[in-house]
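The values are calculated or read from the model by the stated rules, or taken from the named source; none is laboratory data. Just so we're clear, the structure is a prediction, and the values are computed from it rather than from any experiment. Glycine gets a Cβ as well: all are built from the backbone with ideal geometry, and neighbour counts include every protein chain shown.
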């Protein structure tokens, strides 16, 4: 379904809820969104890896400029619509591989 509908972005909001215990509760408040690219990288091959004795031993991880620009632009658009960091309201996007 992800491939057919080209659902390229996995959007995962993270926040603390009152009364719910969490290991993240060291801060007073947490409210951010994790955006994951869902159509490229290891998702692109859809079981196209090399198999040896019924075990995957190698797979490709294609990442295109177009796909990278699309997910980055999406992340910046999400950031613009949100209230920013809890601590200071600054709207930021952080990248991690």
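Within the range 70-84, track down each residue that is farther than 15 Å from residue 41 by Cβ and either without any contact (Cβ under 8 Å) to a residue 24 or more places away in the chain or part of a helix (DSSP H, G or I) (or both). Scanning the range 70-84 gives 73, 74, 75, 76, 77, 78, 79, 80, 81, 84.
Just one of the listed residues (12, 82, 36) is at pLDDT 90 or above and within 14 Å of the chain's Cα centre (by Cα), namely 12. Within the range 48-69, the presence of a residue that is modelled with pLDDT under 85, surrounded by fewer than 12 Cβ atoms within 10 Å (Cβ to Cβ) and closer than 17 Å to residue 94 by Cβ is excluded.
Identify, please: which residue in the range 85-97 is under 17 Å from residue 9 (Cβ atoms) and modelled with pLDDT of 75 or more and is, among those, surrounded by the most Cβ atoms within 10 Å (Cβ to Cβ)? Walk me through it before giving the result.
We begin by selecting, within the range 85-97, every residue under 17 Å from residue 9 (Cβ atoms); these are 93-97.
Filter again for modelled with pLDDT of 75 or more, leaving 93-96.
Numbers: 93: 13, 94: 8, 95: 9, 96: 4.
The qualifying residue surrounded by the most Cβ atoms within 10 Å (Cβ to Cβ) is 93.
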